[in-house]
Amino acid sequence: MRKNPLKAAFRQQQPIINGWLAIPSGYSAEIAGHQGYDSVTVDLQHGMIDFASALSMLQALSSTPATPLARVNSNEPAQIMRLLDAGAWGIICPMISTAEQAQQFVSACRYPPMGTRSFGPARALLYGGKDYPEYANEEILTLAMIETREGLDNLDAILDTDGLDGVFIGPNDLSLTLTGHASAESQHPDMLAAVELVLARSHAHKKLAGIFCTSGQAAASRLAQGFQFVTPANDVMQLGRAAREAVALARGETPTASGTSGY
Ligand code: 3PY
Ligand code: MG
C-alpha cells in the first residue's frame, strides 16, 4: 500500500504543512497540491463541497505530491467510510467532545477487528495499491478536532483513544465556546491557556498536535510553539488576499488586511 508520509513525518518530528480547500474544484485542488504542502484537506464541513466535488478533488490531489485528507461534516460513519473509499489518506473529524465520540470516529476509519469500517475500498485501491485493505488500518491518519469546552474537559480521555493519531484545534469554534467570539488568532487568556493545554497534553500522550491558522506567519509561530501540523489559511482566504493585493497594487494603493467579504 502507498505509505502515508504524514505518519513518518510525525514519527520523525517533521512539521506537516497542510493546505485547506473550501472551493469545490478539482482544478484548484490540483493547483494547491503543487504548492509544496505536505497534505491538503478537502473540507466538507464548511467548504462548499459535496461528495462528487470531493471525489474529483481527491483525484486531482492524487496527481500531486500532497497527501489527500478530508474533513467530514460531522462524526458520521457513512460519510467517513465513503471518503476513505474515495481515497482520503486521513480524516479530520470536527466537534469531538467525548472519548465515546473519539472511539466512534476512529472505529469508522478502521477495518475489523480494530473497528467497524465496512469493506469496499473502491478508489482507495487505485491510489493505494491492491494490498490497501491489509495496511489501511496502519496508514490512515485520524485527527479529532478539539473545539468545544467539553472536548477540552475530556481531552485526556480523547487522547487516550486507541488508534487516534492526534488532535486538531479548531480555534474559531474553540474561542467561540470559551469567549463568545469566533477568532482563529484570539489572544484571550482563556484561549491561550486552552491552546497550551492541548499542546502539552498531546505531547504527554505522544499524539500529534495540530491547529488551523490564518496565515503563513501564524502557522510558523504555531510550529515554533510546538505544534506539528498547521494549516496556513484556506484557499478562500488566500484567493481573497491575492486578489485584493493585486487590485490595490494596480490602483497604487496599500492592500487592506481584510476585504469587504471578511476574507
Ligand atoms: C475552527 O476554527 O473552528 C475550524 O473548524 C477551522 O476550520
Ligand atoms: Mg470549527
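Details
- Summed over segment 137-162, residues that are in a loop (DSSP other than H, G, I, E, B), polar (S, T, N, Q) and over 11 Å from Met95 (Cα atoms) total 2.
- Single residue of Gly210, Gly163 found to be modelled with pLDDT of 95 or more, more than 16 Å from ligand 1 (Cβ to nearest atom) and under 21 Å from Asn75 (Cβ atoms): Gly163
- Extreme residue, farthest from the chain's Cα centre (by Cα), among residues of segment 223-256 that are under 30 Å from Ala8 (Cα atoms) and among the hydrophobic types (A, V, I, L, M, F, W, C): Ala224
- Residue, farthest from Pro112 (Cα to Cα), within segment 133-159, restricted to residues that are within 15 Å of ligand 1 (Cβ to nearest atom) and surrounded by fewer than 20 Cβ atoms within 10 Å (Cβ to Cβ): Arg149
- Odd one out for Arg117, checked against (1) surrounded by fewer than 17 Cβ atoms within 10 Å (Cβ to Cβ); (2) under 28 Å from Ala54 (Cβ atoms); (3) of a type in the set (D, E, K, R): (1)
- All of (1) within 20 Å of Leu21 (Cβ to Cβ); (2) among the hydrophobic types (A, V, I, L, M, F, W, C); (3) within 16 Å of ligand 2 (Cβ to nearest atom); (4) touching a strand residue (DSSP E or B) at 6+ places or on another chain (Cβ under 8 Å) hold for Val236 with one exception: (4).
- Note on segment 163-199: among residues that are in a loop (DSSP other than H, G, I, E, B) and under 19 Å from the mean Cα position of the chain (by Cα), the one that is nearest to ligand 2 (Cβ to nearest atom) is Gly170.
- Selected residue (criterion: farthest from ligand 1 (Cβ to nearest atom)) from residues of segment 16-53 that are over 25 Å from Ala209 (Cα atoms) and aliphatic (A, V, I, L, M): Ala52
The values are calculated or read from the model by the stated rules, or taken from the named source; none is laboratory data. What you see is a predicted model; the values in this text were computed from it and never measured. Cβ sites come from the backbone with ideal geometry, for glycine too, and all protein chains shown count toward neighbours.
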